[in-house]
1. Using beta carbons and a limit of 6 Å, which pairs, at least six apart or on different chains, have the first residue in region B:50-64 and within 7 Å of another protein chain (Cβ to nearest Cβ) and the second one surrounded by fewer than 17 Cβ atoms within 10 Å (Cβ to Cβ)?
2. Restricting attention to region B:40-56, and to residues there that are hydrophobic (A, V, I, L, M, F, W, C) and surrounded by fewer than 20 Cβ atoms within 10 Å (Cβ to Cβ), which single residue is farthest from the chain's Cα centre (by Cα)?
3. Would you confirm whether any residue within region B:140-155 is modelled with pLDDT of 85 or more and either in a helix (DSSP H, G or I) or within 12 Å of chain A (Cβ to nearest Cβ) (or both)?
4. B:Ala342 fails exactly one of the following numbered conditions: (1) within 14 Å of another protein chain (Cβ to nearest Cβ); (2) in contact with a Leu (Cβ under 9 Å, 6 or more places away or on another chain); (3) not polar (S, T, N, Q). What is the number of that condition?
5. Only residues that are surrounded by fewer than 14 Cβ atoms within 10 Å (Cβ to Cβ) and either touching a Pro at 6+ places or on another chain (Cβ under 7 Å) or within 11 Å of chain A (Cβ to nearest Cβ) (or both): list them for region B:156-176, please.
6. crowded, with 17+ Cβ neighbours inside 10 Å, in contact (Cβ under 8 Å) with a residue 24 or more places away in the chain and under 25 Å from B:Leu41 (Cβ atoms), is that true of B:Ser237?
7. Using the structure shown, decide if B:Leu316 is surrounded by fewer than 17 Cβ atoms within 10 Å (Cβ to Cβ) and either over 24 Å from B:Asp197 (Cβ atoms) or at pLDDT below 75 (or both).
8. Taking the residues in region B:190-225 that are surrounded by 16 or more Cβ atoms within 10 Å (Cβ to Cβ) and within 10 Å of chain A (Cβ to nearest Cβ) as candidates, determine which candidate is nearest to B:Gly247 (Cα to Cα).
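The values are calculated or read from the model by the stated rules, or taken from the named source; none is laboratory data. Quick caveat, the model's predicted, so the values are computed rather than measured. Heads up, the Cβs are rebuilt from the backbone with ideal geometry, glycines too, and the neighbour counts pull from every protein chain shown.
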Amino acid sequence: MKGLFVKKKTAEHPEQNEEEISRLLKAMPIFTDLTRRELAAVARILHEREYQPEEVIFRENEPGMGMYILQTGRVAILSEAGNLQLAEFGDGSFFGEVALLDAAPRSATAVAKDKCRIFGFFQPDLYSLIERNPALGIKIVLGLSRLVCDRLRQTNQRTYAINAALQQMRQTPQ
Amino acid sequence: MISFRDPSTRKMLVLLLALTLIIILLAIGGVAQMMIIALLLAYILDPLVVRMEARGISRTAAAGIILLTITALIIVGLLTFIPALKAQLIGMSSGESSAKTDLALTNLQQVLRAKLGWLGLGDIDLKVKLAEFKASFGKKIIDFIVTDIVGIVLALVTIPFLMFFFIKDSRTWKKGLIRIVPNRYFEFSLDLIHKMDQQLGNYLRGQFIDAVSIGTLATIGLGALGVPYFFLLGPFSGLANLIPYVGPFAGGIPSLIIAIMENGDLAAGGHVALLFLGLKLADDLCIQPLSVSSSVHLHPALVLVTCIIGGNLFGLIGMLLSVPVTGFVKVVITESLQTLKAYRFS
């Protein structure tokens, strides 16, 4: 009877241990502040997928639905315009997180380089979680905001460095 | 190689889907009706479940609370309304009418004899005709209730239970459905399901609030005006209001006829007409703008055709369900095509 009125803790990933997914999440900056119970709640809404080498995870300019958490394998982020590899991610990393906050199209294409096991965390599920558990939702959104701020700070520093280098080049006599 | 970009392939797929749906519905008739009603109820009540979840109640418990509440409402409703309904149905099936009605019919018959006697209308005994019509109509309703009593009880038990499972397991089923989608269509499916969920939820909840509001107001209004059978006519007009364009008229005409027949003067009909005019204004100006946030536009011809098909397949319930089901299908097709445009499937 008690179990009926208390949220269940059982795993919805029979093939994956919820503890293991929680550990994977805990290592990510977005979820560091979450308690075990909250991590388990997030683990329940993740979508587990498997990709074969060379399989496209998402394509540039298609609508972005959310972020991917890479448990095992390697993923390349490619720019279709210049046919460039922009980044490569390995075990325990994540990508596409901006799509959780923004509905803009994907800025690059993600392709699996090896056989990958990936967990998808998507905007509709985040919104639904915010409605059902606002306190947890705020923690996740704050975590995301911190990550975006961090990235913005890094981008600013790089811009300053590039501007300084440009100014120095202009001042240096030919 | 099948290409979704090919318009003829898309048309063929839509046609195949529609045909499969019709065949399934025909094959499982009654079960399909119960499942559709349970699914609609689950959709309508979902925000309530989410609110309960926000207060720390598990989804299973929230679905259980809703199931218990609906069961209690059905029991209270049956105990309260059955005696009133019984009296009204017996009155209707006996074919008796009031002295005022008799007087009005006698007057009308005299007019018919004097003015339209040459058409042969003077020989018609209006009192007998009205008594026969009321008796056969009342008997039809009683026969429907008696012969379908097992079906009605089964529906009253099954629908809330089906609704309970639809609410409790909807997320798991949705996730299970997404799990079997190939990787290439995974994000597209998520996007599509989310958009459909939002659109359908708004549409169905809006329709439900609208029907309940009009049904309640009509029942109160008809009761206050002393129109007999208001317990039947009020909810009927609320349900009829689900059908756009013709619904408000179809809901009001039976009340109008009964008011005139029972009271024997046109003034009573005038009061009922004013009541329904007021309800229509309240619906258009207040209830619909507040409840139907994003309405799904359905062409009048489409509404008419689907009502006829629904009526032919499943009777009155099929007719009433045809509009939300058509709205559902329209949202599915429109959103699928719009979402498909954003993805580069080859």
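1. From region B:50-64, the pairs are B:Val50/A:Glu131; B:Ala61/A:Leu4; B:Ala61/A:Phe5.
2. So the first thing to find is which residues in region B:40-56 are hydrophobic (A, V, I, L, M, F, W, C), and the list is B:40-42, B:44-45, B:48-50, B:52, B:54.
Checking which are surrounded by fewer than 20 Cβ atoms within 10 Å (Cβ to Cβ) leaves us with B:44, B:48, B:50, B:52, B:54.
Values: B:Ile44: 14, B:Leu48: 21, B:Val50: 25, B:Met52: 27, B:Ala54: 31 Å.
The qualifying residue farthest from the chain's Cα centre (by Cα) is B:Ala54.
3. no
4. The single condition B:Ala342 does not satisfy is (2).
5. B:Thr172, B:Gly176
6. yes
7. Criteria met by B:Leu316.
8. Out of the qualifying residues, it is B:Asp197.
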